[in-house]
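Q: Before I ask anything, here is the structure I am working with.
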Amino acid sequence: MLSPLGNATYFRLFSAQVVALLGTGLATIALGLLAHRLGGASAGEILGITLAIKMVAYVAVAPFASALAANLPRKTLLIGLDLVRAGVAALLPFVTEAWQVYTLMTVLYIASASFTPAFQAMIPDILTDEREYTKALSLSRLASDLESVGSPVIAAVLLAFMAYSDLFAGTAIGFFLSALMVLSAALPTTRSVQQRSFAQRLTVGFRLFALTPRLRALIAISLATAAGGAMVFINTVVIVQTQLALSEQHIAWALAVFGLGSISAAMLVPRLLEEASDRTVMILGGAIMTVGLIAGVFHHHGGYYALLVMWFDIGIGYSLTLTPASRALRRSASAEDRPGLFAAYFALSHACWLIAYPLAGLVSATSGTDAAFLVLAILCAAGSLATWMLWPSHDPESLPHRHDGLSPDDPHLAGGGPEHAHAFVIDDLHRRWPHHRP
């Protein structure tokens, strides 16, 4: 599982991801304490608006950022965005008004919405072997889960010796170290895309989603992922403190158990994908989350320990739906179109969270957590079923197809003729998905 770290470039980029994640985790905790200082009892309103800004930025900005940055050097782009995020973190301790928080966090989220897809799209160019790439995806999932568990612990230790505002310094240092790691990495170059207009670069990712069956299914499973995750992230505090009358520490342990389930699944994914397809593993993950959500309707009978079992189960399913997604993206675009595809996925998957987050909160507030469990179970099951229907069970990489409109001496037909087979993706020469029966 650790073999991708033997690649010097990937090792530096993975290190950049880890330090940036730790910095982000510290910022999340510090931001909550800052909101309390500024708003007191209205801290929840400040955090809610900030979260809404985050999701809107992620959905709206990523495709535009990818299109605008298509011709910029990768290293320059990533380093610049890391430095912008470091600068924002360094300014946050000095804010005195809520609007200043919103302004600075908007800048940070726009930078993150530009950085993350560009970073993710680059990894397949570095690790070209599919097994190594799969292991790298699991490592990224592990890093994210460990951040969610480790950052609160690190923050708790640091807060014993420093003010909460000093945590933002840790965030700035994390982004600065990330920039240094990117600077030290030998990044691959891509072909120039200057021949494409801005509108073409903006829409290429969405066009790929519209025309590629497995990508349409990827949006459906993203909805299932968001349903399971939203129930955990939104309603853990309600269940633990309001219904079970337990402490904040019990909330932390419940979220840690969810993370442990996700980590456990991420470690198994490389082996699972040697025996099963991306489609099978992701649908299995959706089914596991659905079962956990349905069980939540009856969780009162088992109390806190039943909740921990459910959160562990949902964590497993959550990781199984997320980890293979980048493999499906990698298979579905040329290297030139991959940044646009990852940016479109970043936007569309976060649009699913924009549906699931309010649903989890509003249903819980108006009808209780049992109703929220049931509604989100239905949403998760619907996403999993749609994935099963939209993603063909026979989905080979190489597909036979015809080129009736190409000249016989076109280089693409060399050695194959008008009817041939190769690894198929939608591009300028292949504008429709071929109808093929196994």
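Nothing in this text is a laboratory measurement; each read-out follows from the coordinates by a stated rule. As the structure is a computational prediction, the values presented were derived from the model and not from experiment. Backbone-built Cβ (ideal geometry, glycine too); neighbour counts: all protein chains shown.
Q: Would you mind counting up the charge near Met122? Only other residues with Cβ under 11 Å from its Cβ, with Lys and Arg at +1 and Asp and Glu at -1.
A: Net charge around Met122: +2.
Q: Sticking with this one: Could you let me know the centre-to-centre spacing of the range 168-182 and the range 6-25, using Cα atoms, in angstrom?
A: One Cα centre to the other: 10 Å.
Q: Could you go through the range 233-238 in sequence order and give the Karplus-derived ³J(HN,Hα) for each residue, using 6.51 cos²θ - 1.76 cosθ + 1.60 with θ = phi - 60°, rounded to whole Hz, and x for Gly and Pro?
A: Values, residue by residue: 6, 8, 10, 4, 5, 5 Hz.
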